[in-house]
1. At q = 0.15, 0.16, 0.18 Å⁻¹, what is the log10 ratio I(q)/I(0) for the chain, with the Debye formula run over Cα points and no solvent?
2. Evaluate 2.2 N^0.38 Å with N set to the residue count of region 93-162, then give the Cα radius of gyration divided by it.
3. For the chain, with all protein chains present and a 1.4 Å probe, just round the carbon and sulfur fraction of the accessible area to a whole percent.
4. Per residue of the chain, what 222 nm ellipticity follows from adding -39500 (n - 2.57) for every DSSP H run with n ≥ 4, rounded to the nearest 500?
5. Stretch Thr140-Ser45 to full length: gain in nm at 0.36 nm per residue minus the Cα-Cα span?
6. Provide the FRET efficiency to the nearest 0.05 for the Thr5-Ala56 pair, computing r from the beta carbons and using R0 = 22 Å.
7. How much length would be gained if the chain were fully extended between Val70 and His152, taking 0.36 nm per residue of separation minus their Cα-Cα distance, in nm to one decimal?
8. Suppose all protein chains stay in the model; what accessible area per residue would a 1.4 Å probe give for the chain, in Å²?
Amino acid sequence: MGRRTSWTGTSCPIARGADVLGEPWTLVILRDAHLGTTRFDEFRSHLGIADNVLAARLARMVETGLLARVPYRDGGRTRDEYRLTEAGADTLPVIHALGRWGDAHTDSPTAAEPMQLVHTTCGELTRPGERCDHCGAGLTRTDLNRLELDTHEEVPLAAPVA
């Protein structure tokens, strides 16, 4: 399937956002990046995605500013990690809302919990946004941990690169 017409440059922010986030695989790659996945092999393993498709998506996500390529040494060779940028990190509320919507309005063959976020100051569950659902305090990304569903351990979200 060829790429559809670009909405880049349109005055509608929803169309421009869909132009960047609407490609297949982009949102699930972002989900994994928020959880700390950074390496090509990790994305491929977690998602079951073909190498050529993953390479194309990662390249497009770097091009659109969602991810940054960061070199690292693996034995004798240099490889790239893919790290969230500020723009990529700002997709957290979108990812979270889509997960909640999918949980409420789609069927799943197995039960799955949406990503749960804990406000580190008050220790209560909340959603990403400007204020904590429980205590009302202002929120930033660094005020949130994700809750590991199996262990109930709080784990920080992946930090964006500068």
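The values are calculated or read from the model by the stated rules, or taken from the named source; none is laboratory data. From a predicted model like this one, the values you see are computed outputs, not experimental measurements. Backbone-built Cβ (ideal geometry, glycine too); neighbour counts: all protein chains shown. For the accessible areas, the whole protein counts, side chains as well, though only heavy atoms, and no ligand, DNA or RNA atoms are used. Shrake-Rupley method; radii C 1.70, N 1.55, O 1.52, S 1.80 Å.
1. Treating every Cα as an identical point scatterer, log10 I(q)/I(0) equals -0.93, -1.05, -1.27.
2. My calculation over the Cα atoms of region 93-162 gives 1.16.
3. Roughly 53 percent of what the probe reaches on the chain is carbon or sulfur.
4. Helices in the chain give a 222 nm mean residue ellipticity of -10000 deg cm²/dmol.
5. Extending this stretch completely gives an extra 31.2 nm.
6. 0.75
7. 26.4 nm
8. Value for the chain: 61 Å² per residue.
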